[in-house]
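The values are calculated or read from the model by the stated rules, or taken from the named source; none is laboratory data. Quick caveat: nothing in here was measured; it's all calculated off a predicted structure. Here Cβ is always computed from backbone atoms with ideal geometry, including for glycine, and neighbour counts include all displayed protein chains.
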Amino acid sequence: MKDYSERNKMAWEFDAYDFWVRQAGTPQERAERDMENPLAMLRRYAGYFDRFEGVRIANICGSCGKKAIPLALLGADVTIFDISEANRRYALETAQEAHVRIGFEVGDVLDTDLRKYGKHFDVVFMEGGVLHYFHDIDEFMRIMYAMLKPGGKMICSDFHPFTKIMDALKLGTPAMSYFSTAVYEGEMAHARFYGEEMRSRIPKCSYRKYTISEILNAMIRQGFSLTRFDEHPAWENGQLPGEFTAVAVRTQDE
């Protein structure tokens, strides 16, 4: 595991289990909401899946299982790849309460064992701000491509690169040149929910933000065929871009 991954792991394991209980409820409470309407829990991401029953899905940086468990409830075979052991605990306890099974691999997804998971998945899926945790976008996309079966699909939903120059999502992130390639240290995503004393103790993450062209060209270089690209408005200001979703397919003839 790379040094920056170790730092990110420390941040994402700081008070993480208790944070999810405070924000999302106990595993039992969260499971009850998931079971009530799993399709609604997927929100707009549901529309990017062709089907769910029997589909083998890698949920990249799937955190506490907020999307993996609804997918499992809809019949998918889901494995989360995430760096946090605390996230694993919450996700597996919630899955048990929801009466579904999910896999959970703790570690840097760039270190994924491709002898086990190479050409294994029908879909790799990520959402909620993932790419900026990885300093080499080409290596990241190489692993995504390698995990997919020929003809498999990547659903990559992430923060819009516009957020490099304006904090459109109100996450407290610094503004910079759109074309900056700098790696910088910043607070982890949940830090803003803590009081100042606790907030000051949370380990920092190491980030690298990308432009649209860097992201799409990395997909193309690894062999993906881009089939769809959508831009989504910011959560609190619909006039600004806040997120995007790119859908890309691993070529069939391999």
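Worth pointing out:
- In this structure, residue 185 does not qualify as of a type in the set (Asp, Glu), over 20 Å from residue 61 (Cα atoms) and out of contact with any Pro (no Cβ under 6 Å at 6 or more places or on another chain).
- Enumeration of residues in the range 99-131 that are in contact with a strand residue (DSSP E or B) (Cβ under 8 Å, 6 or more places away or on another chain), surrounded by fewer than 22 Cβ atoms within 10 Å (Cβ to Cβ) and at pLDDT 95 or above: 103, 104, 105, 106, 107, 112, 117, 119, 120, 122, 130
- The one condition in (1) touching a strand residue (DSSP E or B) at 6+ places or on another chain (Cβ under 9 Å); (2) within 24 Å of residue 246 (Cα to Cα); (3) outside any helix (DSSP H, G or I) that residue 172 fails to fulfil: (2)
- The lone criterion from (1) over 22 Å from residue 155 (Cβ atoms); (2) without any contact (Cβ under 8 Å) to a residue 40 or more places away in the chain; (3) of a type in the set (Asp, Glu) left unmet by residue 85 is number (2).
- Top-ranked residue in the range 1-47 [being outside any helix (DSSP H, G or I) and of a type outside the set (Asp, Glu); ranked as surrounded by the most Cβ atoms within 10 Å (Cβ to Cβ)]: 14
- Pairing each residue of the range 7-22 that is more than 12 Å from residue 63 (Cα to Cα) with any residue that is of a type in the set (Phe, Trp, Tyr), provided the two are 6+ apart or on different chains, yields C-beta distances under 6 Å for 8/133.
- For residue 172, the conditions (1) without any contact (Cβ under 8 Å) to a residue 24 or more places away in the chain; (2) buried (at least 21 other Cβ atoms within 10 Å of the Cβ) all hold with the exception of (2).
- Per the conditions (1) among the basic types (Lys, Arg); (2) outside any helix (DSSP H, G or I); (3) within 30 Å of residue 182 (Cα to Cα), the sole criterion not satisfied by residue 101 is (3).
- Qualifying residue in the range 230-250 (condition: of a type outside the set (A, V, I, L, M, F, W, C), closer than 25 Å to residue 20 by Cα and modelled with pLDDT of 95 or more): yes
- If the condition is being surrounded by 13 or more Cβ atoms within 10 Å (Cβ to Cβ) and polar (S, T, N, Q), then the range 190-217 contributes 206, 211, 217.
- When residues in the range 219-254 are screened for being part of a loop (DSSP other than H, G, I, E, B) and of a type in the set (Asp, Glu), 3 of them pass.
- The range 175-189 - residue that is out of contact with any strand residue (DSSP E or B) (no Cβ under 7 Å at 6 or more places or on another chain) and farther than 12 Å from residue 14 by Cβ and, of those, surrounded by the most Cβ atoms within 10 Å (Cβ to Cβ): 180
- Filtered by the rule that a residue be over 21 Å from residue 64 (Cβ atoms), part of a loop (DSSP other than H, G, I, E, B) and β-branched (Val, Ile, Thr), the range 181-218 gives 181, 211.
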